[in-house]
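Here is the structure we will look at, set down as structure tokens.
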Amino acid sequence: MDIRELLRHIQLTPSDRAVQRATGAHRSTVQRYRAWATAQHLLDQPLPPIEVLQQLLDQTCALVPPPQTISTVEPFRALVVQLHADGVEGTAIWQRLKERGYTGSLSSIYRFVHHLAPAAPVPTVRVETPPGDEAQVDFGAAGRLIDPATGVLRKAWVFVMTLSWSRHAYVEFVWDQTIATWLTLHHHAFAYFGGVPRRVVIDNLKAGITQACWDDPQVQATYRECAEHYGFLIAPCRPATPQHKGKVESGVHYVKRNFLGGRHPTALPVANRDVLHWCQTTAGQRVHGTTKVPPLQRFATEQGQLQPLPSAPYDLALWKVVKVHRDCYVVFEQSFYSVPFRLVGQELRVRGGSRTVQLYTRDYQLVATHPRATMPGERHTHPDHLPPEKLPGLTQTRASCRAAASEIGPATREVVERLLGDSAVDRLPTAGRLVRLQERVGALRLEAACARALRFDDPRYLTVKRILEERLETDADADVAVPPPARTFVRTASELLGHVFGGALWT
């Protein structure tokens, strides 16, 4: 309000409070100008033009000095100016002044320093892009929505992707900001627009950027794959500069003020259904404050400039660095996948797709591929990944042991059957070691050794092993003659009693 308008209100009413209510000027200011105007005889005549009033005010204002408040820091001005020029912070300045008798507050220090060097406004440049060239993406807090699985309120986030030229937006509410959610939302947004922009401007959230840096940002490997699949360039903002994606920033605020403002909490699926309708009606049909055209009207032109969607959506793949444990497995998404035993103790990169899990060395050499587990705790194993000496004990069964023994020969099969037939002790490991002796001595020698052990009725593993070590399986001279049938007497009955029946007398 100019001085002429203020004096006009002062002329109309003698109440300073009424002038304050009408003009918004402080009552002390009204009192000061009333006193000045009275001294200049302005209130009892028509007011001169404003330029005359301003000149008169400049010439005579010193006659009625306005009330001023002298800062408690003023006596220490020289010291404060020097400390502030040296880069000393307000709290430290306060401490130095207290040492010299200052009794004022820290807030007074900050106000005084602010008036010493008021911040100069920083000029900005508005960037406008061609149709289909750019989209901007951001997350924002969406308050609490009802989780349909539990029926309770839960913190939710709102994802907004805004096409920079038309300002048409895709909006979806989610429970988290994980990589999987981030990539799924991109797929939904591109499908909603019916095409893909040439570049996507993002901030430095962890789902997209692993290390924020203006010169060389480190892009999340999964997000890089997604960008290559859809054919868009990732354009991270400079750290701590959200104004670089101001179009979507204002879009997020618009969702909060308009769609969420005053809305009662609903289930998340209901909110997502309603917000898409809102995008097509309220948000899409409004006259945009910058473009002065409804977003949907401009989108009708921009849609034809978007890149076409790929034939298939991106196969969501999660990348993660894992360590190979001593059992030759890595853990990914609560399931277990084997890798070659030579890599125990090393770190690998895991790419988990929707159907397969691929494991790479740190320099991206593929070392294993497994089908994706369908439930936590599931274990996928390639037998050749395990140490060879450990593999038989892991994979052998009674059936496989019998089958291997049958291929060697009947004597080996008989020894194995007798070992496995023990009613008190599990002899499967022993039978397995016996069958594996053929790897050192061959099937023929093992079969002969088992046959010799059976002749001595001693089908033990140690017996067969000792026969092979001493090479007795083919030593015929070492065999003991088969003993004659057992008898009570040395002579036969005819020899003893033959004379009774007319035979010769035994002598």
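Computed from the coordinates by the stated procedures, all read-outs in this text should not be read as laboratory data. Since the structure is predicted, the reported quantities are computational estimates derived from the model, not experimental observations. Reconstructed Cβ throughout: ideal geometry from the backbone, glycine too, with neighbour counts over all protein chains shown.
The alpha carbon gyration tensor of the range 344-387 gives principal lengths a ≥ b ≥ c with a/c of 1.5 or higher and a/b no greater than b/c, which makes the shape oblate. For the range 433-474, the square roots a ≥ b ≥ c of the C-alpha gyration tensor eigenvalues yield an a/c of 1.5 or more together with a/b exceeding b/c, which makes the shape prolate.
With θ taken as phi - 60° and the Karplus curve 6.51 cos²θ - 1.76 cosθ + 1.60 applied, the whole-hertz 3J(HN,Hα) list for the range 399-405 is 5, 5, 5, 5, 5, 5, 5 Hz, x standing for glycine and proline. Under 5 Å between amide hydrogens, built in the peptide plane, is the criterion, and for Cys328 it picks out nothing among residues at least 5 positions away or on other chains.
Rg/Rh for the range 51-192 stands at 1.28; both radii use Cα atoms, and Rh follows the Kirkwood definition. In this structure, the amide hydrogen of Ala368, modeled 1.01 Å from its nitrogen in the peptide plane, lies closer than 5 angstrom to those of Leu359, counting only residues at least 5 positions away or on a different chain. In loop segments of the range 365-472 as defined by DSSP, the trypsin sites (Lys or Arg not before Pro) with at most 12 further C-beta atoms inside 10 Å of their C-beta are Lys390, Arg471.
For trypsin sites (Lys or Arg not before Pro), the sites in the range 87-175 that DSSP calls loop and that have at most 11 other Cβ atoms within 10 Å are Arg100, Arg126.
Using the empirical formula 2.2 N^0.38 Å as the baseline, the Cα radius of gyration of the range 381-455 reaches a ratio of 1.13. Annotation: amide H-H contacts under 5 Å for His380 (H modelled 1.01 Å from N, sequence separation of 5 or more, or interchain): Phe336, Tyr337, Ser338. The phi torsions of the range 39-49, fed into the Karplus equation with coefficients 6.51, -1.76 and 1.60 and a -60° offset, translate into couplings of 5, 8, 6, 9, 7, 9, 8, x, 6, x, x Hz, rounded to whole numbers, with Gly and Pro shown as x.
The magnitude of the dipole of the range 1-63, with charges of +1 and -1 set on the Cβ of Lys/Arg and Asp/Glu and taken from the Cα centre, is near 320 debye. For the range 364-454, GluC sites (Glu not before Pro) meeting the loop criterion (DSSP other than H, G, I, E, B) and having at most 10 other Cβ atoms within 10 Å: Glu389. Taking each of Lys155/Lys292; Lys256/Lys292; Lys320/Lys390 in turn, the alpha-carbon distance tops 25 angstrom for Lys155/Lys292; Lys320/Lys390. Computed over Cα pairs, the Kirkwood radius of the range 289-391 leads via Stokes-Einstein (1.306 mPa s, 10 °C) to a diffusion coefficient of 97 µm² per second. For the range 163-173, backbone phi angles converted through the Karplus equation (6.51, -1.76, 1.60; θ = phi - 60°) give residue-by-residue couplings of 6, 5, 7, 8, 6, 6, 10, 10, 10, 8, 9 Hz, Gly and Pro being listed as x.
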